[in-house]
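Participant: Input: one structure, supplied below.
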Amino acid sequence: MPVIDSQVHAYEANTPERPWRSVPNWPPHATGDEVVAAMDRLGVDGAILISPFSMYGFDAGYSVAVRNAHPGRFALVKPLDPDDPAVGEIVAEWKRTPGAVGVRIMLTRESSRAADDSGLDRIVRAAVRHDFPVNVLFWDNLDVGAALIDRHPDARFIVDHLAIRQPAAPPAPPEPWADLPKVLELARRPNAVIKVSGACTLSHRPYPFTDIWEPLARIFEAWGFDRCLWGTDWTRAFPVVTFEQATEPFRLTDRLNGAERAMLMGGACAKAYGWSPETAVPR
């Protein structure tokens, strides 16, 4: 089974030629070549390349260029603007983009959108029409996220980052798993899978973050390994953990058997997106 990271970001340095819309506390650059080199070092065969909303908003141009330079290593997910009346046509165009496997909605509390927002409806209907899963970020806003999933039973949803707000810098909050009961309840939705991405940022212990396994075990039990997608969320997680530190605990832990590890670290992602990398990294 290939090792597939369900969420990575790539971007160039902030320049007038390709300016960032905001400047998060991420590395000054994480080019496609740099991300591929990091994946090679850790034996990660492929990744879902999420165009970074923090830098580029709804413009996925750089991610497309990275995928075209490394077509066997990346598949693409593009964030969409619910306020764009032409978003249905944008989804149709995205479907024709080589490597495109999904779209993304930002539904955090700050977005102030209800589950029945007309723009969200346009996006989800277009995603269904073009057979795309909808990635959705609704940490700290689980009730609205669950309502959106329930509103569209014919759509496929991929829930970002465990649906749990993760720190932008250490330390982890005092009760990082406070929303775990809602995450477990969310598993009742058969049209949703969940990204186990950024999990190590929620640890109160140093590497290898042994305190994440009890709550993760409850998530695995509720969702099933075939609906759980491991991911690093590199480079958003950079201020808290390195790419290696977000990868090796899952590869090395004795809390997973071989079949569970293979499904979590690649199989479920390949199933959810209908994509696998073309070549394997030598191990």
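Participant: Using Cα pairs closer than 8 Å and at least 6 residues apart in sequence, work out the relative contact order for region 1-66, in percent. Provide the component values of the computation, followed by the final result.
Facilitator: Values: 89 pairs, mean separation 31.8, N = 66.
Dividing the mean separation by the residue count of region 1-66 yields 48 percent.
Participant: Continuing with the same structure: Could you work out the relative contact order of the chain, using alpha carbon pairs under 8 angstrom and six or more residues apart, expressed as a whole percent? Don't skip to the answer; put the middle values down first.
Facilitator: On the way: 552 pairs, mean separation 63.2, N = 283.
Reported as a whole number, the value is 22 percent.
Participant: May I pose another question? Fewest to most neighbouring Cβ within 10 Å: what's the order for 131, 59? Can you show the working numbers first?
Facilitator: On the way: 131 10, 59 15.
Fewest to most other Cβ atoms nearby, the residues stand as 131, 59.
Participant: For region 169-283, just say rounded, prolate or oblate: build the C-alpha gyration tensor, square-root its eigenvalues into a ≥ b ≥ c, call rounded for a/c under 1.5, and beyond that prolate if a/b exceeds b/c, oblate if not.
Facilitator: Details: a/c = 1.63, a/b = 1.12, b/c = 1.46.
Note, shape of region 169-283 comes out oblate.
Participant: How large is log10 I(q)/I(0) at q = 0.08, 0.17 Å⁻¹ when the Debye formula is applied to the Cα atoms of region 1-151, each weighted equally and without solvent?
Facilitator: After summing over all Cα pairs, the log10 values are -0.23, -1.03.
Participant: Now for a different question. Indicate, rounded to the nearest 5 percent, the antiparallel portion of the DSSP beta bridges found entirely in the chain.
Facilitator: 5
Participant: Still on this model: Using every pair of alpha-carbon atoms in the chain, split the distances into 5 Å bins beginning at 0 and state the percent of pairs per bin, rounded to integers.
Facilitator: So the P(r) values, bin by bin, are 1, 6, 13, 18, 20, 19, 14, 7, 2, 0.
Participant: Quick query: amide H of residue 20 versus all other amide H atoms, modeled in the peptide plane; which residues come in under 5 Å with a sequence gap of 5 or more or a different chain?
Facilitator: 15
Participant: Mind sorting 108, 279 by how few other Cβ atoms lie within 10 Å of their own Cβ, fewest first? Don't jump to the answer; show the numbers that get you there.
Facilitator: Numbers: 108 17, 279 10.
Ordered from fewest to most neighbouring Cβ atoms within 10 Å, 108, 279 come out as 279, 108.
Participant: Can you run phi through the Karplus equation (6.51, -1.76, 1.60; θ = phi - 60°) for region 21-35 and list ³J(HN,Hα) in whole Hz, with x for Gly and Pro?
Facilitator: In residue order, the calculated couplings are 7, 8, 10, x, 8, 9, x, x, 6, 8, 5, x, 4, 5, 5 Hz.
Participant: By average Cβ neighbour count within 10 Å, what is the ranking of 78-88, 219-229 from highest down? The partial results should precede the final answer.
Facilitator: Numbers: 78-88: 17.3, 219-229: 19.8.
Peptide ranking by packing, descending: 219-229, 78-88.
Participant: About its Cα centre, how strong a charge dipole does the chain have in debye, to the nearest 20, once Lys and Arg get +1 and Asp and Glu get -1 at the Cβ? Don't jump to the answer; show the numbers that get you there.
Facilitator: Details: 30 positive and 36 negative charges, 78 e Å.
Once rounded to the nearest 20, the dipole reads 380 debye.
Participant: What relative contact order, as a whole-number percentage, does region 95-182 give when Cα pairs under 8 Å and 6 or more residues apart are counted? Present the calculation step by step, with values, prior to reporting the outcome.
Facilitator: Details: 108 pairs, mean separation 24.8, N = 88.
Reported as a whole number, the value is 28 percent.
Participant: Tell me, 218, 104, 165, 188 in order of fewest to most beta-carbon neighbours within 10 Å? Show your work: numbers first, answer last.
Facilitator: On the way: 218 16, 104 24, 165 21, 188 12.
By the 10 Å Cβ count, ascending: 188, 218, 165, 104.
Participant: May I pose another question? Per-residue ellipticity at 222 nm for the chain, helices alone: DSSP H runs ≥ 4 residues times -39500 (n - 2.57), over residue total, nearest 500 deg cm²/dmol?
Facilitator: Values: 11 runs with 94 residues, N = 283.
The per-residue figure over the chain is -9000 deg cm²/dmol.
Participant: Which of rounded, prolate, oblate describes region 179-228, given a ≥ b ≥ c as roots of the alpha-carbon gyration tensor eigenvalues and a/c under 1.5 marking rounded, otherwise prolate only if a/b is larger than b/c?
Facilitator: In terms of gyration-tensor shape, prolate.
Participant: If you average the alpha carbon positions of region 69-146 and of region 199-238, how far apart do those two centres end up, in angstrom?
Facilitator: With region 69-146 and region 199-238 each reduced to a Cα centre, they are spaced 24 Å.
The numbers here are math on the coordinates, done by the rules we state, and not lab data. Remember, it's a predicted structure, so these values are computed and weren't measured experimentally. All Cβ positions, even for glycine, are placed from backbone atoms using ideal geometry, and neighbour counts span all protein chains on display.
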